[in-house]
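What follows is calculated from the coordinates using simple rules that are stated; it is not laboratory data. These numbers come from a predicted model, not from an experiment. Heads up, the Cβs are rebuilt from the backbone with ideal geometry, glycines too, and the neighbour counts pull from every protein chain shown.
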Amino acid sequence: MIELLHEQYESDGSTVLFRCAECGYISLSLGSLHGHIERHRGYTRFNIQVPLTKTAMAKRNALMERTEVLRVDETSEISLEEVEGL
Ligand SMILES: [Zn+2]
């Protein structure tokens, strides 16, 4: 059972991650991963989404084909210094 929790998903109480099948990019948010995948499909140039029509957007299936779902089964406590970008 996967349920929506503030744009994050869980499976059996474990966090679910979504990974781009093309480059390995990982996101907690399915929506933002699909936005990322759209870039592989060539809809974004210079960070502007073109064309702007709804029909030009990828169908959900085309996006799901490039989406790998990972479940975080194990967590490890780390120190703040180990977190990149903090
Ligand atoms: Zn990618």
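Give me a comma-separated list of calculated 3J(HN,Hα) values for the stretch 80-86, in order, Karplus coefficients 6.51, -1.76, 1.60 applied at θ = phi - 60°, integers in Hz, x for any Gly or Pro.
Result, rounded to whole Hz: 4, 5, 7, 8, 6, x, 7.
Take peptides 23-35, 67-79 and line them up by average Cβ neighbours within 10 Å, highest first, as a rough protection proxy.
Descending mean neighbour count gives 23-35, 67-79.
Please give the length that would be gained between H40 and I26 if that part of the chain were fully extended, namely 0.36 nm times their separation in residues minus their C-alpha to C-alpha distance (nm, one decimal).
Full extension from H40 to I26 adds 3.6 nm.
In nm, to one decimal, how far is the modelled label at L86 from the one at V69, with both set 7 Å along Cα→Cβ?
3.0 nm
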